[in-house]
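To start, the structure itself, in structure tokens.
The values are calculated or read from the model by the stated rules, or taken from the named source; none is laboratory data. As the structure is a prediction and not an experimental result, all values here were calculated from the model. Note that each Cβ is placed from the backbone with ideal geometry, even for glycine, and that neighbours are counted across all protein chains shown.
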Amino acid sequence: MRITRTVAGRSRRTAFMATTGLTAAALLLTGCGDSGSDSDEADADGNITLTLADFGQFGYKEAKLFEKYHELHPNITVKANTAAEEPVYYTKFLQQLNTGSGLADVQGIEVGRAKELVDTKADAFADLSKVIDTSQWVNWKALQATTDDGKVIGAGTDIGPMSICYRRDLFEQAGLPTDREEVAAKLAGGWEDYLKLGEEYKKKAPKGTFFMDSASAMYNGVVSSGSEQYYAKNGDPIYKESAGVKAGWKLASEAVDKKLTQGLAQFQDPWKAALRQGTMATVACPAWMAAQIATYSGDKYKGKWDIARTPGETAANWGGSFLSVPAKGKHVKEATELVKWLTAPEQQAAVFKAAGLFPSNKGAYDLPDVKTAKLEYFNNAPIGEIYAEEAQIIPAAVLGPKDGVIKDTFSKQINNMEQRGTEPDAAWDAAIKDIDKVVG
Amino acid sequence: MATTTPTRGAHGSRPGRRAPKPMTPGRQAWRSRLWRFDDKASPYAYIAPFFLVFGAFGLYPLVYTGWIALHKVEMTGLDQMEWVGWENFSTILQDSEFWTAVTNTFVIGVISTVPQLMVALGLAHLLNYKLRASTFWRTVILTPYATSVASAALVFALVFRADGGLLNWVLGFFGFGETNWVNGHWTSNIAIAVIVIWRWTGYNTLIYLAAMQAVPSDLYEAASLDGASRWQQFRNVTIPALRPTILFTIVISTIGSMQLFGEPLLLEGGTNGAQGGTEHQYETLSIYLYNYGWNLGHLGTAAAVAWAMLVLLLLIAAINWLIGRLGRKTAA
């Protein structure tokens, strides 16, 4: 007995030693392999992989642009890593900028963050103005990503001219006009008219449906139409007294009070599920939102959605993004070329055709893909016409470093009013308190 | 073969492998001094690696965090530090959100630790009986602990979902209405406590089981000869023998609940999770720290939160120690 046990013990020990040795060797080998693939050099054939990190939807996959780029440059493969929620993406991005590691060769920037990065992190980015002609963009877009001394840290991708997306079939059942011109005419007086239309809708609303997805979406629409939003021209934060914020907040509280909204936080799972189930009749719709709606509503509602011009006379921009090239990247030159190509008129037009993200590059507006564009999903709405007209008259809004967080905080408190029945005054106080914390 | 190791220096000189050569007195004195130095110093050299690593990765960050806590530092400009003294601390002490986080941490800590340790004790007692395939049961009970926080929290997020969640479905079956678990203050705290209990009960069970197996069986024999029932044996033999172990698990669980982060962060996920819910209803201190540092980008204040947490932890440890001492006194 004793002897066998000793033998077993010894052989087990040998096995253990062997395993340890093998593991160590394997680790060493993989270690070598890792450092090989991580190095700056291209492999023997000159092949490189460019990484691109973005959030939400940039439309490149839909337009198959990376495949096309690979055809044009057979030695370059582009890999994209897309985060669902922008605030989560941005937090990680800032950390990566601070440590200088983990960055992709090309990084997306949301417009709400542009000013903060321009003010504090301009050194971390390659200057794109040397390679890309920014005079091609709508003028206010370039300003958003330019430092005082003329350095451009991001190339404009899409912009977000406002419109209203609505469900034709639901409007018909509720006895409202379905034609996009007539709907636009009903909204000619501005966002107040939008609420009035909502009350009309509610009178004969099909069971289980709501007029709008979320009052926070309407709030963002209202605020976006002002040239001063959260910051004054001199850089002071004015979120407490800004006319746009006050008007947006008042309208949002009214919408909640009149129970016109389904009260869903945008881009979260319940919101996506509601689109799939088709329970909301309208969504305040910057151009990029159309892409989201088409994605989440699915084939069942194809052709049942439509797009009408934004309420009121003022043109508004909500959102839009940039592509930047971190200066510490391994392939800055190649990455810059990729960004230049992706934001050129032809490619922006292709993205617009495939996903409905509206070009910031004016050169694209005359291309057939934009000019005569009709979005099949939205009952062939002539979106090229609707958005291009608006894009060129949008006032250049003053940006501030914390625009993104301020917008999110107000939206969150509006959601609290909808979902948890928080009183408007209490929600306002909570929002201001949270924003003071952010700005302070 | 003799296996007893000769104790160094026990006989005044080192047991030589070879017959000692005759040495000059001076040389001998030097060697013995060297020998004494080796005897005294080497143990410190052996334990030094831990303290060096601790100094570099434990103590230095701790002190540096304290230094940062006295400055205004922004996520967007790590190299610019502006001295503000105690301002960061007064900011968080005046922030009602901080006190919400303290309360939540405490509430979740209590409603997860107490049932968890009691269930673990009971399970350990059961596992201590003679069982068929006892190794199997002991392994199974440790499985939740081996699961990552992320997957556990994601599964429970599905269980606690408001629309179409498993729990609401079951409750609806018994005629209860839908509860939005994540939205309510108590319900969200309970949901998080459930995840914690699920993950850590098995771990504590195994610790208790190990301690129980160290209890001499004579005690149980004697007790059963005296006519003590199983329950009486548990209460009067097992529990007193386990007292130090129980104290240990209480300390470990307290530290664990103080650091509670993954479960609340992932219960909703995204930005809501990172702020402990839309009304901070399940925000713990770690989430508060994370929110201040990574969402708001005020790293100085976040460092102050970290130090406040350390102080709270020391306070709780002191209270634990006092209770332990009182318990020992009354037991004696």
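If residue B:260 satisfies every condition in (1) at pLDDT 90 or above; (2) touching a Leu at 6+ places or on another chain (Cβ under 9 Å); (3) part of a helix (DSSP H, G or I); (4) hydrophobic (A, V, I, L, M, F, W, C) but one, which is the exception?
(3)
Scanning segment A:171-209 for residues that are closer than 22 Å to residue A:387 by Cα and among the β-branched types (Val, Ile, Thr), which turns out surrounded by the fewest Cβ atoms within 10 Å (Cβ to Cβ)?
So the residue we want is A:178.
For the structure I just gave you, tell me whether residue A:159 is within 24 Å of residue A:399 (Cα to Cα) and in a strand (DSSP E or B).
yes
If I ask for residues that are in contact with a Ser or Thr (Cβ under 9 Å, 6 or more places away or on another chain) and either under 12 Å from residue A:311 (Cα atoms) or of a type in the set (Gly, Ala, Ser) (or both), which ones from segment A:165-179 would you list?
A:165, A:174
Give the number of residues within segment A:210-246 that are touching a Leu at 6+ places or on another chain (Cβ under 7 Å) and surrounded by fewer than 22 Cβ atoms within 10 Å (Cβ to Cβ).
Residues that pass the stated criteria total 0.
Quick one: in segment A:253-269, of everything that is assigned to a helix (DSSP H, G or I) and not polar (S, T, N, Q), which residue is surrounded by the most Cβ atoms within 10 Å (Cβ to Cβ)?
By that ranking, first place goes to A:255.
Taking segment A:270-282, which residues are part of a strand (DSSP E or B) and either surrounded by fewer than 17 Cβ atoms within 10 Å (Cβ to Cβ) or of a type in the set (S, T, N, Q) (or both)?
If the condition is that a residue be part of a strand (DSSP E or B) and either surrounded by fewer than 17 Cβ atoms within 10 Å (Cβ to Cβ) or of a type in the set (S, T, N, Q) (or both), then A:282 is the only one that fits.
Listed here are the residues, each with its yes/no results for (1) on the phi > 0 side of the Ramachandran plot; (2) β-branched (Val, Ile, Thr); (3) in contact with a Phe, Trp or Tyr (Cβ under 7 Å, 6 or more places away or on another chain).
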site	(1), (2), (3)
B:272	no, no, no
B:288	no, no, yes
B:291	no, no, no
B:304	no, no, yes
B:307	no, no, no
B:316	no, yes, no
B:320	no, no, no
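Quick one: in segment B:104-134, which of the residues that are surrounded by 13 or more Cβ atoms within 10 Å (Cβ to Cβ) and among the hydroxyl-bearing types (Ser, Thr, Tyr) is farthest from residue B:208 (Cα to Cα)?
B:105
Report yes if residue B:307 is of a type outside the set (S, T, N, Q), part of a helix (DSSP H, G or I), more than 14 Å from chain A (Cβ to nearest Cβ) and free of Cβ contacts under 8 Å to residues at least 24 places away in the same chain, otherwise no.
no
Which residues, taken from segment A:402-428, are within 12 Å of chain B (Cβ to nearest Cβ) and either touching a strand residue (DSSP E or B) at 6+ places or on another chain (Cβ under 8 Å) or among the hydrophobic types (A, V, I, L, M, F, W, C) (or both)?
Listed by number, the residues that qualify are A:402, A:404, A:405, A:406, A:414, A:417, A:418, A:426, A:427.
Taking only segment A:78-100 into account, find how many residues are in a helix (DSSP H, G or I) and not aromatic (Phe, Trp, Tyr).
Here the count works out to 11.
Can you list residue pairs whose Cβ atoms sit under 9 Å apart, with the first residue in segment A:81-98 being under 18 Å from residue A:115 (Cβ atoms) and facing chain B (nearest Cβ under 7 Å) and the second being part of a helix (DSSP H, G or I) and of a type in the set (Lys, Arg)? Count only pairs 6 or more apart in sequence or on different chains.
Cβ pairs passing all conditions: A:94/A:113.
Based on what the data block shows, is residue A:393 away from chain B (no Cβ under 14 Å), under 21 Å from residue A:351 (Cα atoms) and either modelled with pLDDT under 90 or not in a helix (DSSP H, G or I) (or both)?
No.
Please find, among A:102, A:112, A:108, the residue that is at pLDDT below 95 and more than 14 Å from chain B (Cβ to nearest Cβ).
A:102
Within segment B:227-284, work out how many residues are of a type in the set (Val, Ile, Thr), within 12 Å of chain A (Cβ to nearest Cβ) and under 13 Å from residue B:192 (Cβ atoms).
Counting residues in segment B:227-284 that are of a type in the set (Val, Ile, Thr), within 12 Å of chain A (Cβ to nearest Cβ) and under 13 Å from residue B:192 (Cβ atoms) gives 0.
Give me a count of the residues in segment B:162-192 that are within 21 Å of residue B:104 (Cβ to Cβ) and within 14 Å of another protein chain (Cβ to nearest Cβ).
Going through segment B:162-192 one residue at a time, the tally reaches 10.
Which number in (1) more than 18 Å from the chain's Cα centre (by Cα); (2) of a type outside the set (A, V, I, L, M); (3) surrounded by fewer than 16 Cβ atoms within 10 Å (Cβ to Cβ) marks the one condition that residue B:148 misses?
It is condition (1) that residue B:148 fails.
Consider only pairs whose beta carbons are under 7 Å apart and that are at least six residues apart or on different chains; among these, list those whose first residue lies in segment A:360-385 and is over 28 Å from residue A:340 (Cα atoms) and whose second residue is acidic (Asp, Glu) and not in a helix (DSSP H, G or I).
Close Cβ pairs satisfying both conditions: A:378/A:306; A:379/A:306; A:381/A:306.
Do any residues in segment A:54-70 that are under 18 Å from residue A:324 (Cα atoms) and touching a residue at least 40 places away in the same chain (Cβ under 8 Å) have Cβ atoms under 9 Å from those of residues that are assigned to a loop (DSSP other than H, G, I, E, B) and among the acidic types (Asp, Glu), where the two are at least six apart or on different chains, and which pairs are they?
A:55/A:85; A:56/A:85
If a residue has to be surrounded by fewer than 21 Cβ atoms within 10 Å (Cβ to Cβ) and either touching a helix residue (DSSP H, G or I) at 6+ places or on another chain (Cβ under 8 Å) or in a helix (DSSP H, G or I) (or both) to count, how many in segment A:366-387 make the cut?
Looking only at that region, the number is 10.
Return the total of residues in segment A:130-168 being more than 23 Å from the chain's Cα centre (by Cα) and either buried (at least 17 other Cβ atoms within 10 Å of the Cβ) or of a type in the set (Lys, Arg) (or both).
Qualifying residue count, segment A:130-168: 3.
Quick one: in segment B:11-67, of everything that is at pLDDT 85 or above and among the hydroxyl-bearing types (Ser, Thr, Tyr), which residue is surrounded by the most Cβ atoms within 10 Å (Cβ to Cβ)?
Among those that are at pLDDT 85 or above and among the hydroxyl-bearing types (Ser, Thr, Tyr), it is B:65.
Looking only at segment A:102-129, which residues are within 19 Å of the chain's Cα centre (by Cα) and part of a helix (DSSP H, G or I)?
A:111, A:112, A:113, A:114, A:115, A:116, A:117, A:118 - these are the residues of segment A:102-129 that are within 19 Å of the chain's Cα centre (by Cα) and part of a helix (DSSP H, G or I).
Return a yes/no flag: does segment A:113-124 have any residue that is farther than 25 Å from residue A:228 by Cβ and surrounded by 17 or more Cβ atoms within 10 Å (Cβ to Cβ).
Within segment A:113-124, one or more residues are farther than 25 Å from residue A:228 by Cβ and surrounded by 17 or more Cβ atoms within 10 Å (Cβ to Cβ).
Can you tell me which residues in segment A:238-270 are away from chain B (no Cβ under 14 Å) and under 27 Å from residue A:144 (Cα atoms)?
The answer is A:238, A:239, A:240, A:241, A:242, A:243, A:244, A:245, A:246, A:247, A:248, A:249.
Which residues, counting only those in segment A:118-144, are touching a residue at least 40 places away in the same chain (Cβ under 8 Å) and among the aliphatic types (A, V, I, L, M)?
The answer is A:124, A:126, A:128, A:131, A:132, A:138, A:143.
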